[in-house]
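Remarks on the structure that follows.
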Amino acid sequence: MFARYAYPPNALGYCGPPDTTALSDGSPALIRAAARRFTGAWPYLQVMSAMTGIADPLDLRLVESYWHGGGIGSTLDPAAFCAELLAILGPAAGLYWTHLTPRLAPEAAPNHCFHVFGVYPWSRLLGTAATPTALEVLDKCRITPARVVARDGSHVRLEASHLTWDGHHLDLGPPGTRTATLTADGRLTTDPRPGDHVALHWDRLTALLDSTQTANLTDSTLRQLAATNHRLDIDT
């Protein structure tokens, strides 16, 4: 599961090790080694492992909770989690990301959505000349729930909401249609049917979602948007 969700940005060269073959078709040992080189996701799993007492950071319960929100991560105290996370991320980021301070605690959650909107700097570029790029990155980097409308071989037509910016706040727009491919390097990654719910990451279809996963992903996204908008209001 970690490999499925981490592969799209890794293949684009945005994060993780330069050799993407470990995530695309590597053994469990190679995937584990690659996961440790994700300076974003791996610290979350480390802290979640320590705080829950689950020894393996790649335990499915932790990985699923990180990518979707909800689950076991939702039982952790956000402020305590934020403090532990910043103890790892802060020294690694150095002077480049000066926003990684305890002020992030009100936004904090042990999931990817917090990393995208709170830890990454892109939301802080909204309202500047870089707004179009920032909005695009935020939209593609978040895990997006979508519904399969139709399928033609290795291509699917999906219904999903894009991220919007009205000059002051982030929101989800009305559902619209988009297309995605089901292949990566010529291999079928998933096998959805019309009506199925799926997850998108950097415009790639990464996994089928059941009703609980869809609800967790939707809820964590809405929660994070509300928290980030509150911070943007304060900083305006």
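The values are calculated or read from the model by the stated rules, or taken from the named source; none is laboratory data. Predicted model, so just to flag it, every value in this text is computed and none were measured. Note: ideal-geometry Cβ built from the backbone for every residue, glycine included; neighbour counts use all protein chains shown. When the accessible area is computed, the model is the full protein with side chains, heavy atoms only, and any ligands, DNA or RNA have been set aside. Shrake-Rupley method; radii C 1.70, N 1.55, O 1.52, S 1.80 Å.
Take every Cα pair under 8 Å whose residues are at least 6 apart in sequence, average their separation, divide by the length of the chain, and the relative contact order is 17 percent. Centre-to-centre separation between the Cα atoms of the stretch 47-122 and those of the stretch 161-236: 19 Å. With all protein chains in place and ligands, DNA and RNA left out, the 1.4 Å accessible area ranks Val116, Val149 as Val149, Val116, largest first. With loop membership from DSSP and a limit of 16 other Cβ atoms within 10 Å, the longest segment of the chain without chymotrypsin sites (Phe, Trp or Tyr not before Pro) is 98-236. Only protein heavy atoms count here; under a 1.4 Å probe, Ser211 has an accessible surface of about 100 Å².
With the charge dipole of the chain set up from +1 on Lys and Arg Cβ and -1 on Asp and Glu Cβ about the Cα centre, the Cα lying farthest toward the positive end among the listed residues Thr52, Ala180, Cys82 is that of Ala180. Sorted largest first by accessible area at a 1.4 angstrom probe radius, with every protein chain in place, the residues Asp139, Asp25, Asp196, Asp171 fall in the order Asp25, Asp171, Asp196, Asp139. Counted residue by residue at 0.36 nm each, then reduced by the alpha carbon distance between them, the extension gain from Arg157 to Ser49 reaches 35.2 nm. Within the stretch 19-79, the proportion of Cα pairs with more than 16 Å between them is 45 percent.
Here is how the number arises for the chain: DSSP H runs of 4 or more residues each give -39500 (n - 2.57), the sum is divided by the residue count, and the result at 222 nm is -12500 deg cm²/dmol.
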